[in-house]
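Structure first, then comments.
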Amino acid sequence: MQVLSPNREANRQAPPPRDDRPPVPSPRATPSQGSKLALDASAKPRRTGLQLPVSLPFDTWRRIGHQISLIADSSAWWLGDWLVYGENEYTDRYKRAVEESSLDIQTLRNYAWVARRFPVSRRRDRLSLQHHAEVAALPEHEQTLWLDRAERFNWSRNRLRSQIKAHRAAALSGRTAETARQKAVIQIDVPADQEQSWRDAARRMNRSVEEWARLILNQVATGEIPVRGVHDAKAG
């Protein structure tokens with residue numbers, strides 16, 4: 001059986017006590033907590049400069065530099081994507097809009113080219129647009145290979161470029177060596193009496209007939225033995 005209190009107001013739950021203390025401000029987001037593209041609050045960006053306070057701690061100054069670098073690199077991607085979108089959607093007004101942007105046309109073209117080569121899903125947060133530009137002309141699997149290496153070993157853009165250049169030089173050297181190892185076979189029909197004279201000449205030089213013939217032919221080809229001299233020797 002439910003017992004009702006004669007005083008209904010007494011049965012109501014009392015409201016929580018009022019807190020008259022001033023609200024506690026939420027902690028300011030740090031680069032690791034908030035957006036990676038936010039500048040430290042101590043930095044005051046302006047259209048034509050950056051204002052920094054006096055006696056700025058070194059770690060803060062260094063962090064601001066890293067943040068600016070991220071923003072600058074991100075803006076390059078933004079411009080590239082902006083251009084690709086405009087080119088696709090506003091073909092009749094695209095050129096005029098680019099000209100009015102007051103940005104260097106060739107730089108914009110480079111940004112757009114890299115943006116087309118790398119969909120957002122393939123871009124690496126830890127690498128700059130310039131890293132991607134170094135490998136943009138390569139096939140996709142090679143792009144992935146070199147970007148993986150640049151991430152793993154923390155290569156700068158210049159280091160990535162030098163590694164690719166060294167790899168290409170080594171590959172070219174290997175192909176050249178392989179070509180040098182390849183041999184062509186030339187068959188020559190020689191009368192029996194001439195064959196014996198060749199063998200005798202080769203024996204006097206302590207060489208096989210093949211080595212002797214290759215030596216003589218190379219000397220003629222390079223001009224060490226004049227062709228006229230050969231004719232004269234034959235005539236004699």
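Just the ratio, please: alpha-carbon radius of gyration of segment 118-163 over 2.2 N^0.38 Å, N its number of residues. Show your work: numbers first, answer last.
Numbers: Rg = 9.3 Å, N = 46, 2.2 N^0.38 = 9.4 Å.
Ratio of Cα Rg to 2.2 N^0.38 Å: 0.99.
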Can you list the HN-Hα couplings for segment 208-213, worked out from phi with the Karplus curve (6.51, -1.76, 1.60; θ = phi - 60°), rounded to whole Hz and with x for Gly and Pro? 6, 4, 4, 4, 5, 5
For segment 113-129, Karplus couplings with θ = phi - 60° (6.51, -1.76, 1.60), whole Hz, Gly/Pro x: 4, 5, 4, 5, 6, 10, x, 3, 5, 9, 7, 9, 4, 7, 10, 7, 4
Roll a 1.4 Å probe over the protein heavy atoms and report the accessible area of residue 95 in Å², nearest 10. 140 Å²
Please give the contour-minus-distance gain from residue 190 to residue 50: 0.36 nm per residue of separation, less the Cα-Cα distance, rounded to one decimal in nm. 41.7 nm
Bins of 5 Å, beginning at zero and ending with the bin holding the largest distance: percent of Cα pairs per bin for segment 90-181, please. 2, 12, 18, 18, 14, 12, 10, 8, 4, 2, 1, 0
Each label point is 7 Å from the Cα along the Cα-to-Cβ direction; what then is the distance between the points at residue 78 and residue 214, in nm? 6.6 nm
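The values are calculated or read from the model by the stated rules, or taken from the named source; none is laboratory data. Computed from a predicted model, the values in this text were never measured in an experiment. Using ideal geometry, Cβ is built from the backbone for each residue, glycine included, and neighbour counts are taken over all protein chains shown. Remember, those area values only see protein heavy atoms, side chains included, never the ligands or the DNA or RNA. Shrake-Rupley method; radii C 1.70, N 1.55, O 1.52, S 1.80 Å.
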